[in-house]
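Just so it is clear, none of the values below were taken in a lab; they were calculated from the coordinates. None of these values were measured; they are calculated from a predicted model. All Cβ positions, glycine included, derive from the backbone under ideal geometry; neighbour counts span all protein chains shown.
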Amino acid sequence: MKEALKARTALAEHRPVPDRLLPVLGDRWIPRADRCLSSARRFVRDVALDWQAGQDVAEVAELLVSELVTNAITHGGAGAVRVSVLRERELMVVDVHDSCPTLPCLRLAGRFDVGGRGLAIVQTLSHDWGWTVAQHGKSVWFQLIAWPECS
């Protein structure tokens, strides 16, 4: 199990970031505060619903952005967190940017650990995910198949 997780982590680290020239469906800056996490969840859910994403996409996107924004608030350095929702053909791409260049680390949480499962959840439920180092921090993103009739 640990070896499989390490192999999957290595794959995530080398995937290219989605093209930044993709159509932006929504973009929002969120203060780096625990009380603002619900705002990020509502924002992504509303964008998915407004753009008529497929069944369950809004709920899954809401869960996954919650994991990434929680990481950004907890480990992401100073300043606000940017959440962007983009479209690449049938894929909805959600990108969470923070000011800290430290890369995300997929961990194998123990049975009684309180944390450490967020990126594993993102990896399991997303079509794809990854990260990129930006000029001022990093972006962690995931993709969901939101408009399957476009493929």
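Show the residues, 5+ positions off or on another chain, whose built amide H is closer than 5 Å to the amide H of G26.
Under 5 Å from the amide H of G26 lie the amide H atoms of V85, each far enough along the sequence or on another chain.
Please rank V57, V94, V85, V24, fewest neighbouring Cβ atoms within 10 Å first, as an exposure proxy.
In order of increasing Cβ crowding within 10 Å: V24, V57, V85, V94.
In percent, what relative contact order does segment 51-129 have, based on Cα pairs under 8 Å that are 6 or more apart in sequence?
Details: 72 pairs, mean separation 20.4, N = 79.
Reported relative contact order: 26 percent.
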